[in-house]
Amino acid sequence: MKQEELRKRLLLDRSSGYDRLAPGELERMEEYCDGYKAFLNAARTEREWAAQAAALAEERGFRPFVPGQPLAAGDKIYTVNRGKALTLAVIGTEPLERGAVIGAAHIDSPRLDLKPAPLVEQDGLCTLKTHYYGGIRKYQWVSIPLELVGVVVCADGKRVEVSIGRDPGDPVLTIPDLLPHLGDKQSKKPLYQGIEGEQLNLLAGSRPYPDDDGKDRVKLAVMNVLYEKYGITEADFLSAELSAIPAFPAGDVGLDRSMIGAYGQDDRVCAYAALRALLDLGTPRRTCVALLVDKEEVGSMGVTGMQSQAFDRFMEELCRAQGAALRDCFANSFCLSADVTAAYDPNFAEVYERNNAAYLNGGVGLCKYTGSRGKSGSSDAAAELVGSVRRILDQAGVIWQMAELGKVDEGGGGTIALYMANRNIDTLDAGTPVLAMHSPYEVTAKLDCYMTYRCMKAVFEA
Ligand code: MN
Ligand code: MN
């Protein structure tokens, strides 16, 4: 055997995904990524994401699931959980007791949530106090434009949707950082203390309410702006969910336009892939489910997180329509837990293990285990399971790579995989490699985004 042939047969292919793309794939990749960027711009919170996804699903023939309704092969259904999570399904030709194929991802992202009493006036400036959500590096969230988005429920039960900073011409909010001229002491602090949680205060106003001699005139003027636009009072913040998120749109990154920069790609890049793959599905052999959940960034708790029984209830209703037992369905199901992984960054080479890191343009990353300090918190997929997924992806011509987050002792992270596996569902992690994960501007490679979609579709169609 020639050496070249031997190398090809025996060694792992680590060539760029671009050298392995099939004819026509480049055009399909660009088209897919245009759709992805547009969706990111329209859906920047889990509530917006759930609503936009439901609207898209309706356009494609999906209907809200009514418990007790009969189900036939090819039926397309969905359900929204409290406006923050959604589950969609296409009923397969095989009975549910033989299991479902589940693509699971999360649609919440790190952000700055307003505190229940956020408004403060001090020294002539009005600010909004925040309590950050998820694992952010606080210093990254200062001196950038931020938009305010969310819902307020008033005392009379009226529900108001707030969005300030997205429309062109809207004002934005920001947290001004310290000037370098006075930043000497701050610069000597450890990075994680450079900006403290209680300093994440959004600049909201500076103009005092006119013709008034009371106190807090700037705060009064700011509250009046909100009252005139939304009819809300300071007490209404208590029953609100308002977040500050980056106020810039998704766009191409790199002179060659090979990458995408945007807020919230963790994990909307995988959520969009799962959604699109399900929407593009014909009638599958096994029932296919796209599960798009909330609260992953804070531990998957709560009624809209993956630990909630909302998913079990939905699946139980599907099973009931076919007279199947939920535990039989789960025991025979497969879940691809789709969440982003860290992309190797040569700028920070010391934290990555180059032989097992995921690389931009290497395709979707398959992650046998996540966790930290000795795989703690990982469900660690079985060799048999990884083997079967490998075969599916190779047969479908999907470009993939193995992915480990970083060096063993550097840290780690978890996903929703263990909560699926705890339900007796065979689960494997897979996802798109991301640079600057959890930052206001995360970067992915277009090829990897597209291959995440191709991976989802291949698994659904297997
Ligand atoms: Mn994630
Ligand atoms: Mn995350």
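Tabulated results
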item: Total residues in region 336-350, condition outside any loop (DSSP other than H, G, I, E, B) and within 15 Å of ligand 1 (Cβ to nearest atom); result: 6
item: Any hit, region 219-238, residues being touching a helix residue (DSSP H, G or I) at 6+ places or on another chain (Cβ under 6 Å) and either closer than 27 Å to Tyr139 by Cα or assigned to a loop (DSSP other than H, G, I, E, B) (or both); result: yes
item: Check on Leu385, among the hydrophobic types (A, V, I, L, M, F, W, C), farther than 26 Å from Leu26 by Cβ, assigned to a helix (DSSP H, G or I) and more than 16 Å from ligand 2 (Cβ to nearest atom); result: yes
item: Number of positions in region 189-219 that are of a type in the set (Asp, Glu) and more than 32 Å from the chain's Cα centre (by Cα); result: 4
item: Selection from region 295-339 of residues that are acidic (Asp, Glu) and within 16 Å of ligand 2 (Cβ to nearest atom); result: Glu296, Glu297, Asp339
item: From Val253, Val225, Val218, residue being modelled with pLDDT of 95 or more and touching an Asp or Glu at 6+ places or on another chain (Cβ under 7 Å); result: Val218
item: Filter result for the condition that a residue is surrounded by fewer than 18 Cβ atoms within 10 Å (Cβ to Cβ) and at pLDDT 95 or above, over Ala358, Ala331; result: Ala331
item: Qualifying residue in region 401-409 (condition: surrounded by fewer than 20 Cβ atoms within 10 Å (Cβ to Cβ), closer than 30 Å to Ile91 by Cα, acidic (Asp, Glu) and more than 16 Å from ligand 2 (Cβ to nearest atom)); result: no
item: Residue check, Gly387 of a type in the set (Gly, Ala, Ser), surrounded by fewer than 15 Cβ atoms within 10 Å (Cβ to Cβ) and modelled with pLDDT of 95 or more; result: yes
item: Hey, Ala274 touching a Lys or Arg at 6+ places or on another chain (Cβ under 6 Å) and within 21 Å of Ala43 (Cα to Cα) or not; result: no
item: Residues satisfying the stated conditions in region 86-130, i.e. within 16 Å of ligand 2 (Cβ to nearest atom) and basic (Lys, Arg); result: Arg111
item: Residue list for region 410-425, restricted to those being crowded, with 16+ Cβ neighbours inside 10 Å and more than 16 Å from ligand 2 (Cβ to nearest atom); result: Met420, Ala421, Arg423, Ile425
item: Options Ser378, Ser337: the member that is among the small types (Gly, Ala, Ser), at pLDDT 95 or above and either touching a Cys at 6+ places or on another chain (Cβ under 6 Å) or farther than 20 Å from Leu12 by Cβ (or both); result: Ser337
item: Per-region count, region 220-231, residues buried (at least 19 other Cβ atoms within 10 Å of the Cβ) and under 31 Å from the mean Cα position of the chain (by Cα); result: 1
item: Residues (of a type in the set (Asp, Glu) and under 21 Å from Val298 (Cα atoms)) located in region 381-422; result: Glu410
item: Region 430-444 residues that are within 23 Å of Lys138 (Cβ to Cβ) and part of a loop (DSSP other than H, G, I, E, B), paired with ones that are of a type outside the set (A, V, I, L, M, F, W, C) and within 11 Å of ligand 2 (Cβ to nearest atom) (beta carbon under 7 Å, 6 or more apart); result: Ala436/Glu442; Met437/Asp266; His438/Pro110; His438/Gly134; His438/Gly135; His438/Asp266
item: Residues of region 281-308 satisfying the condition of being assigned to a loop (DSSP other than H, G, I, E, B), within 16 Å of the chain's Cα centre (by Cα) and under 20 Å from Ser333 (Cβ atoms); result: Ser300, Gly305, Met306
item: Matching residues, region 133-158, being among the aliphatic types (A, V, I, L, M) and either assigned to a strand (DSSP E or B) or within 16 Å of ligand 1 (Cβ to nearest atom) (or both); result: Ile136, Leu146, Leu148, Val149, Val151, Val152, Val153
item: Test: residue in region 43-63 that is within 16 Å of ligand 1 (Cβ to nearest atom), of a type in the set (Asp, Glu) and touching a Leu at 6+ places or on another chain (Cβ under 9 Å); result: yes
item: Answer from Leu173, Leu200 - the residue that is touching a residue at least 24 places away in the same chain (Cβ under 8 Å), over 22 Å from Thr233 (Cα atoms) and buried (at least 16 other Cβ atoms within 10 Å of the Cβ); result: Leu200
item: Within region 203-219, considering residues that are in contact with a strand residue (DSSP E or B) (Cβ under 6 Å, 6 or more places away or on another chain) and within 26 Å of Val153 (Cα to Cα), the one surrounded by the most Cβ atoms within 10 Å (Cβ to Cβ); result: Ala204
item: Candidates Leu242, Leu255, Leu275 - the one that is in a loop (DSSP other than H, G, I, E, B) and more than 16 Å from ligand 2 (Cβ to nearest atom); result: Leu255
item: Count of region 271-303 residues which are surrounded by 24 or more Cβ atoms within 10 Å (Cβ to Cβ) and under 12 Å from Asp108 (Cα atoms); result: 6
item: Any hit, region 352-370, residues being within 16 Å of ligand 2 (Cβ to nearest atom), assigned to a strand (DSSP E or B) and among the hydrophobic types (A, V, I, L, M, F, W, C); result: yes
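The values are calculated or read from the model by the stated rules, or taken from the named source; none is laboratory data. Predicted model only: the values in this text are computed from it and were never measured. Positions of Cβ are generated from backbone atoms using ideal geometry, with glycine treated the same way; all protein chains shown enter the neighbour counts.
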